[in-house]
Amino acid sequence: MTKDKYAQVRLISKPENMLKTIYTACRTCYSADSPLNIYDCDSAQDEEKMLKLISRVVSSGHYSTIEHVQVSFAISNISRACSHQLVRHRHMSFSQKSQRYVKEKGQFDYLTPDSIENNPELKEKFDAFMGKISEFYLELTEAGIPAEDARAVLPNATSTSMVASLNLRELIHLANLRLCTRAQKEIRILVKRMCDELIKEEPWLKEYLVPKCERFGFCDEDKSCGRMPVKGQ
Ligand SMILES: Cc1cc2nc3c(=O)[nH]c(=O)nc-3n(C[C@H](O)[C@H](O)[C@H](O)COP(=O)(O)OP(=O)(O)OC[C@H]3O[C@@H](n4cnc5c(N)ncnc54)[C@H](O)[C@@H]3O)c2cc1C
């Protein structure tokens, strides 16, 4: 797990037989044989053969076959701005640190965006501002205001943590959108780390866990970063 100011991410759960499960799902669609026999057959030991079929099925858009595997990540050290972007993905499941039940004590943790970090004068003002917010938050809670209401003054920069789970189809979709250079740096780093954690264990996924332009061979963004030809040009 990389330790810097950005997301700390660890893959905490994935099926042992991921490839075989997807292969069985794919072949079940085209075979007279039962899924159980397909799962137990010799070709379900042959990684190359399994990958060839999976690649054919997935590239033809038959995505239900990759919904059968679910992975979970322990994530910490992300800002609420970043977590808010992540929770927009509707096929993911989340358990996030509550700002109702967990009261901030002393200075709350926060993430400073690089653009502010790299400007010493603004960084100093930013830190001072976070200090002021923290003081007011404490004033509110000490006056008996419940944490669920005092949190109204906490900023988007406040650190948070969560367990996030999703199936492989959604992870590929997430990577396609959030590894794009148009996505904000913090979520790009978070999603890259999620993908890298899984690729360490399942290297065959490397070709799928990429920005959408790499997957489709063109860019469909309004403002292209220029690494791929723009759609229709
Ligand atoms: C660079 C970038 C900038 C963004 N800027 C903004 C912004 O300014 N404002 C803003 O509000 N959001 C913004 N978003 C968030 C974006 O609009 C999506 O909410 C978010 O990316 C989730 O994507 P999704 O809906 O494709 O995927 P998911 O919610 O992960 O769903 C995956 C797929 O499932 C299908 N699906 C899910 N739910 C439905 C449904 N109800 N009906 C039909 N199909 C469904 C769709 O095919 C969808 O693509 C931005 C995202 C990115 C990557």
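Listing 69, 9, 153 from fewest to most neighbouring C-beta atoms within 10 Å gives 153, 69, 9.
For the chain, the longest principal axis of the C-alpha atoms and the axis of helix 18-30 are separated by about 50°.
Expressed in Å, the radius of gyration and Dmax of the Cα atoms of region 155-233 are 13.9, 42.
Volume of the convex hull of region 1-82 (Cα atoms only), normalised per residue: 131 Å³. Sorted into 5 angstrom bins from 0, the C-alpha pair distances of region 104-199 split as 2, 11, 17, 16, 14, 13, 13, 10, 4, 1 percent. Placing unit charges on each Cβ (+1 for Lys and Arg, -1 for Asp and Glu) gives region 124-233 a dipole about its Cα centre, and among 166, 152, 224 the Cα reaching farthest toward its positive end belongs to 224. Cα convex hull, region 144-187: 108 Å³ per residue, rounded to a whole number.
Projected label points at residue 70 and residue 41, each 7 Å from Cα along the beta carbon direction, are separated by 2.9 nanometres. Equivalent ellipsoid of region 84-139: semi-axes from √(5λ) of the C-alpha gyration tensor, largest first, are 26, 19, 7 Å. Which angle between 0 and 90 degrees, to the nearest 10, do you get for helix 120-142 versus the longest principal axis of the chain when only C-alpha atoms count? Compared with the principal axis, the helix lies near 80 degrees. Ranked by how many other Cβ atoms sit within 10 Å of their own Cβ, fewest first, the residues 79, 60 fall in the order 60, 79. Converting the Cα gyration tensor eigenvalues of the chain into ellipsoid dimensions via √(5λ) gives semi-axes, longest first, of 41, 22, 13 Å. The alpha carbon centroids of region 1-57 and region 154-233 are separated by 21 Å. Cβ-to-Cβ counts within 10 Å put 122, 179, 190 in ascending order as 122, 179, 190, the fewest first.
With the charge dipole of region 6-61 set up from +1 on Lys and Arg Cβ and -1 on Asp and Glu Cβ about the Cα centre, the Cα lying farthest toward the positive end among the listed residues 50, 15, 31 is that of 15. Extending 7 Å from the Cα toward the beta-carbon at both residue 143 and residue 225 defines two label points whose distance is 4.5 nm. Model label sites at residue 117 and residue 102, defined 7 Å from Cα along the beta-carbon direction, differ in position by 2.1 nm. Computed from point charges on the beta carbon alone (+1 for Lys and Arg, -1 for Asp and Glu), the dipole magnitude for region 159-233 about its Cα centre is near 240 Debye.
Taken together, the values in this text are just the output of simple stated rules run on the coordinates, not laboratory data. This is a predicted model, so every value here is computed, not measured. Every residue, glycine among them, receives a Cβ derived from its backbone with ideal geometry; neighbour counts consider all protein chains shown.
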